[in-house]
Every structure is written in C-alpha cells, then in structure tokens.
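We did not get these values from a lab; they are worked out from the coordinates using the rules stated. This is a predicted model, so every value here is computed, not measured. Glycine gets a Cβ as well: all are built from the backbone with ideal geometry, and neighbour counts include every protein chain shown.
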Amino acid sequence: MTAQGHFDAACQKCINPDCAATFDCGEALFKCPRCGELLDVVYDWDKIPVPSKLSDVAARWASRDNSLDFSGVWRFRDLLDFCGDQYKVTVGEGQTICELNDAVGAYAGMKPGRLYLQYEGLNPSGSFKDNGMAAAFSHAKMIGASSCACASTGNTSASVALYAHKVGMKCTVFIGAGRIAFGKLSQAMDYGARTIQIKGDFDDCMRQVQSVCSELGLYLLNSLNPFRLEGQKSIMYRIIEQRGWRVPDWIVVPGGNLGNSSAFGKAFAELKVLGLISRIPRMAIINATGARTLTDLVNEKGLRWNGGRPAQKIIDDYYADLQARGFSPHTCASAIEIARPVNLKKVLRSIDICNGIVRAVTDRQICDAKAVVGMHGLGCEPASAATIAGLKDLIAAGTIGPDETVACVLTGHPLKDPDLTVGYHKEKRGRFSNPPVESPNDLAKIIELVRK
Ligand code: F0G
C-alpha cells in the first residue's frame, strides 16, 4: 500500500490501446488527460489475494456484523481492490434479491425455471446506483475530496445525495427540468443535495457538470468515474452467487448512459482471466426507441469495438446529425432518456467480450412489461422493465431460446415513478391496467363490488 492508503496493485488506465497511459489511483481524472478517452481501473492480480473460487466469498456471510462483509459490494472487495479498508464507504448496499420468476418468464415466452429477476431497486436509495457509489465515494474519501457533483436522470442524484451526507461531503446535482420522476427528485431534496434544474435534457446536464467539476475542482460521480463502475461489477457477482456460483446464459440490462453494461463486461472478462468462471454469458442491452443511440450505432451503422479502435467517424457523424436536427430523446422511461451515452466506447468493448446484442423497445412495451413485473414480482421502475420487453422480443425472434437461463437486471424500485404507474392503471393505458373502482359510501354497493 502507498502512503496515501491506496494499493499499488491498482491503477487507472486509458482504454485507447494507442495511448494506454496509466495513472495512480490517487488522482481524480475521469478522462485520460493525454487523449481524452475513458479510463479503467486495472489490477495487478498477482499482487492481490483473490479467492481461488468465487464460493470462498460466501464465508463472509458468517461475519455480517462487519459492515464490509455485510455490504453486497465490499463482500467481493478482492475483485475491486483499489483502496484500504479505512476508506471504504457503505450504507448497506447490495442486499438485493435474485428471484426465479416463472410468471414473468411465461409472459416473455420462457420455459419455467429459466428467468431470474435481479432486483437492484432493493438498494438503500432504491436503485443499482448504490453499488457504484459505495466504490466511488470510497475513492473520493481516499483522495480527500470535500465537494462532489453529478448530472442525473434521477437515480444517480438520489444515490449521490445519500452517500454524500453519509461521508459529510457537500453535493450538487444537475437534472433536466421536467425530465425526472418525482420519487427521485424527492430523494435528492430530502437527502440535502443542492439541486439545480437546468432547462435542458440529461445530455445538456452531463456536458455542464463536467465543465463545472473541472472549473471548481468538484469530484464527479457520473459513470465516467471508473471507480463507480468497479462497484457496479458486484451486481454480476451477486447474480452468480445467488445462482449457486453458476453463470446464466444471458444477462439482459437496460441501456442509458451505459455504465452498467460497461461494468458487467469488465466483470466477466476479469472473472474469466482469474479462472473464477469458465464461460462468459451473452449480454442483451435494451434501449427505449426514443433514446436509441446505441441501437442505431451498432445495428444500423455497424459500429464495433474493433480492438479498441472503433470508427470515430461513425460516432461523430451520428452526433452531428442529432445536433443538426436539434434532437432531444423522449421516452416514458426517463431514467434512460439519453442520446449521448458517455460510456459508448466501453460498452462496445463489453459487447465484444460478451458477444452482446442491442435492441430497442417502445414505451408501450415498457409499460406493459412493468405492469407484469408488478403483478407477478416485486415491481420495478419503467427503465428496468425495458429488459422484460426486450427479452420478449428476443425470444419471439428466436435470438434467445425459451430454455436458456436469463437474468434481467431490474435497476430501480417501483416507487421511483408513481405518476407513470398511476397513469397506466387509472387511465387504462395498457393491456394490464388495473384501475381503482369508484363506489358510493354504501355497504350494499361496496359488498356487491367486492363480490364481483
Ligand atoms: N435503469 C435505471 C433505473 C437508471 O436510473 C439508469 C440510469 C439506467 C437504467 C441506465 O443505466 O446508465 O448504466 O446504462 N440512470 C442514470 C441516472 C443516468 O442519472 O440516474 P446505465
């Protein structure tokens, strides 16, 4: 360990193979200072006592009075070993359930015993973001940051606000005015974040927050932050853990800023290198049709990782066209209403690692799938339900077989977006609408209605 308390077995490394510059973990960078590309956290595995099999981690369940063993992120700390224990931050994240759900599976067209729902909405702030924040705030603490910021479609801001007050850090969140579900906005305000509503969309906020952070020296907590993605790897570890250390055939994940899908590919590549898994699952990333940059670039324009040298011109031309059209994304799944995903290049790498595919689903499909997860499972927010809608399409198309094992990552809690849920049911907007029935205050009439 170095004097600053971080391990010399980890460093930050530019993902551009023609640059490949490395930097100490004691720096807060978020983009390569030499070439501007994204950074990874990389490890010298020879210097880290990684367990010889994943199931060894299970021993930590016996010492759950140790908050790091209780954490569903830090229980796997050997696989994200970039800082000393004294810096590790936890609010009890990662106590999430991987549920076998045959009824939702049947809706998607799967055979019984095949579909697993990974409920990341069960995290303390109600979304998967807490996995990443546990890691990123630990890094922030290690480097002595005192003030932080993020742009958000809502969940990042809620999670950042929660962890910021846990560690005593000042925090500012940027959100697009009118682009955030109320459950999320209520959390940011309640947890004490300074909330700035910009007249623009998420992509505008993302651009502004980067300038604000570099101008004012604030610690940036968006998924450009490579330490955040290290925490999000743990979602995959927990799926494997809860399936008896077996990898499913497919992971299905919503695609927004593409942090999760980037982290998941990295997690599997590392587990494979370490000999902790023998095969890597395939990955399906699901966009909303109103925010389908990745779908367009991969499926229509043929963009690929290409050994770390994706065709920049394809990306530049696509964004120039969005700009020329004044395009702003629109979907009821506000969490993934993003047209310029910051992790685009990293996700191309994940697609390469996982033999991945990308699809887009409509708002109507998302809302119906969300109602099905609510009716037969623990519920989720709209962006999360894109996974079920996408899976249904992929099974209908024969891309995923009905007897393959699939884990859908349900990224956020159903209470995040009550307006959409109430509208769907009360206004009978979909196949599964379940509106309340009005009744006079009359016992006979009430009994008649209940009997029906
Ligand atoms: N699902 C939910 C519930 C989200 O909040 C997000 C992203 C995603 C999926 C997409 O994940 O970015 O890893 O592809 N929410 C961010 C936010 C953008 O600001 O809360 P991704």
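Taking square-rooted eigenvalues a ≥ b ≥ c of the alpha carbon gyration tensor, is region 113-216 rounded, prolate or oblate, where a/c under 1.5 means rounded and, failing that, a/b exceeding b/c means prolate?
The shape class here is oblate.
Under the definition of Cα pairs under 8 Å and six or more residues apart, what whole-number percent is the relative contact order of region 168-289?
Once normalised by length, the contact order is 19 percent.
Just to verify a number: FRET efficiency for residue 34 and residue 211, C-beta to C-beta distance, R0 = 25 Å, to 0.05?
0.80
Could you compute the FRET efficiency for residue 396 and residue 323, with r as their C-beta to C-beta distance and R0 at 35 Å, rounded to 0.05? Mind dumping the intermediate values first?
Details: r = 35 Å, r/R0 = 1.01.
Efficiency for this residue pair is about 0.50.
Take residue 52 and residue 194, extend 7 Å from each Cα along the Cα→Cβ direction, and tell me the distance between the two endpoints in nm.
Inter-label distance under the simple model: 5.4 nm.
If you look for lysine pairs in region 311-452 that are eight or more places apart or on different chains, how many of them have Cα atoms under 16 Å apart?
The result is 5.
Pop a pseudo-label 7 angstrom from the Cα along the beta-carbon direction at both residue 99 and residue 433 and give the gap in nm to one decimal.
2.5 nm
Which of the three applies to region 298-350, rounded, prolate or oblate, going by the alpha-carbon gyration tensor with a ≥ b ≥ c and a/c under 1.5 meaning rounded?
Values: a/c = 2.52, a/b = 1.42, b/c = 1.77.
Verdict is oblate for region 298-350.
Looking at region 109-212, how many pairs of lysines come closer than 21 Å at the Cα, when each pair is eight or more places apart or spans two chains?
Pairs that pass both the separation and distance tests number 9.
Expressed as a whole number of Å, what is the distance separating the alpha-carbon centroids of region 159-232 and region 70-91?
Centre-to-centre distance over Cα atoms comes out at 22 Å.
Hydropathy at least 1.6 by Kyte-Doolittle, axial extent at least 27 angstrom from the Cα trace: which helices of the chain, defined as entire DSSP H runs, fit?
Answer set is empty.
Within region 33-62, what residues put their amide N at less than 17 Å from the label point 7 Å along the Cα-to-Cβ vector of residue 306?
Residues 37-38 fall inside that zone.
What net charge do the residues around residue 96 carry, taking every other residue with its C-beta under 9 Å from that of residue 96, with Lys and Arg at +1 and Asp and Glu at -1?
Its environment carries a net charge of -1.
How many nm separate the modelled label positions at residue 64 and residue 146, each set 7 Å beyond the Cα in the direction of the Cβ?
Distance between the two pseudo-spin positions: 3.9 nm.
Rounded, prolate or oblate: which one fits region 287-425, using the alpha carbon gyration tensor with axes a ≥ b ≥ c (rounded when a/c is under 1.5, else prolate when a/b beats b/c, else oblate)?
It comes out oblate by the Cα gyration axes.
What does the charge count near residue 226 come to, summing +1 for each Lys or Arg and -1 for each Asp or Glu among other residues with Cβ under 12 Å from its Cβ? Don't skip to the answer; put the middle values down first.
Working: positive: 13, 31, 228, 233, 266, 346; negative: 27, 37, 40, 230.
Neighbourhood net charge equals +2.
Would you mind getting me the FRET efficiency between residue 27 and residue 106? Use the beta-carbon distance for r and R0 = 56 Å, nearest 0.05.
After rounding, the FRET efficiency stands at 0.65.
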